[in-house]
Amino acid sequence: MTRMIEVARDSVKEPMPKASFRVSHKLADHPLFQLDRLARLAASLPADRVEFNGPVAPNQDPNLTPSNGMTPEETVRRIEEAKSWMVLKNVESDPEYKALLDACLDQVAEQTGGLMGGARQRQAFIFVTSPGNVTPFHSDPELNFLLQVRGNKRMSLFDPADRAIVSAENSELYPGKHRNLPYEDGFEAKATHQHIEPGEGIFVPIFAPHWVQNGNEVSVSFSITWHTEESERLVKFSYVNAMLRKFGMPQGEVGASPVWDDLKVAAYNILRPVYDAVKHVVGGRHRALALFFGKKEVAAAAG
Ligand SMILES: [Fe+2]
């Protein structure tokens, strides 16, 4: 198969790099990213796998996110004038996109001597955005290559360890938490700015906070994500730390106590199936959260 993605020799020295780096790819003319194909994909995905909205700001209050009043398919077809942001989630549920995701990550693995692009939890997302639109400030709990297919965008990217940018509390995960993070204009002086054009891409480190400004054209980006053993542990710490904080026991950073860290991972491995089973039995996340954390959490999670 043609090489879809190129990772420069020596740009990867560890399975979970802490800093962003650039890659190139050959997806700009790929038929799977033509708007007509994307509109059909948007129409075929379950409603909870398509998220879209009208114009937002980097510091967007999630409770005030504007709707654009259109269906997912219309949003793609009219993206030029829709003033909208859209993400199609888990597009690997479509066999054609799954084949492309696997080809890209297999090629990354091949070019990095197996260090990156591993086979754990591979997922793919497609962002379709109107000219000038913004993706608010957030971070993602996975390793990610963001590949620019059409139009251009600028990502402001921050150090995930900088607690002046995202507090320990805001960096923690819990079921139902909205991904937007509090943002201040003053943060920008600490950002690394990555501009990407069609054929270019960047690696986004796990939990690295970022927000995105699109250029003056329609933008289409392909995001391919995966996990390593270490990244899965980080996500588990994050959930357990959030839970302990809710019980009045805020935790230190990962790595401060390896034995305690191992215990937290073990606790997560026991508690997660219990939580999932309770969620199934009580009929949803909000009721399960109410049982685990008390009634107050239902309102917080609903945001
Ligand atoms: Fe992101």
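The values are calculated or read from the model by the stated rules, or taken from the named source; none is laboratory data. Treat the numbers as computed from the prediction; the structure is a model and nothing was measured. With ideal geometry, Cβ positions are generated from the backbone for all residues, glycine too; neighbour counts draw on all protein chains shown.
If you take the residues in the stretch 51-105 that are without any contact (Cβ under 8 Å) to a residue 40 or more places away in the chain and under 22 Å from MET116 (Cα atoms), which one is surrounded by the most Cβ atoms within 10 Å (Cβ to Cβ)?
Per the stated criteria, the residue is GLU92.
Among the residues of the stretch 152-192, count how many are loosely packed, with under 13 Cβ neighbours inside 10 Å, more than 25 Å from GLY252 (Cβ to Cβ) and of a type in the set (A, V, I, L, M).
Total satisfying the criteria: 1.
So, in the stretch 110-137, of the ones that are out of contact with any Phe, Trp or Tyr (no Cβ under 9 Å at 6 or more places or on another chain) and buried (at least 17 other Cβ atoms within 10 Å of the Cβ), which residue ends up nearest to VAL235 (Cα to Cα)?
LEU115
Quick test for you: out of ALA42, ALA47, ALA19, pick the one residue that is assigned by TED's automatic domain parsing to the domain that holds GLU96 and out of contact with any helix residue (DSSP H, G or I) (no Cβ under 9 Å at 6 or more places or on another chain).
ALA19
For the stretch 252-268, give me the residue count where each residue is touching a residue at least 12 places away in the same chain (Cβ under 8 Å) and within 18 Å of ASP162 (Cα to Cα).
Summing the residues that are touching a residue at least 12 places away in the same chain (Cβ under 8 Å) and within 18 Å of ASP162 (Cα to Cα) in the stretch 252-268 gives 2.
For the condition of a type outside the set (A, V, I, L, M, F, W, C) and at pLDDT below 85, what is the one hit in LYS279, LYS236, LYS264?
Criteria check complete, one pass: LYS279.
Collect the residues in the stretch 142-162 that are touching a Lys or Arg at 6+ places or on another chain (Cβ under 9 Å) and in a loop (DSSP other than H, G, I, E, B), keeping them in residue-number order.
PHE158, ASP159, PRO160, ALA161, ASP162
Restricting attention to the stretch 195-233, report how many residues are over 17 Å from SER156 (Cβ atoms) and within 16 Å of the ligand (Cβ to nearest atom).
8
Please indicate, with yes or no, whether at least one residue in the stretch 261-277 is among the hydroxyl-bearing types (Ser, Thr, Tyr) and in a helix (DSSP H, G or I).
Scanning the stretch 261-277, I find at least one residue that is among the hydroxyl-bearing types (Ser, Thr, Tyr) and in a helix (DSSP H, G or I), so the answer is yes.
Give the residue that is nearest to the ligand (Cβ to nearest atom), with candidates limited to residues of the stretch 163-192 that are assigned to a loop (DSSP other than H, G, I, E, B) and free of Cβ contacts under 8 Å to residues at least 40 places away in the same chain.
My answer is ALA191.
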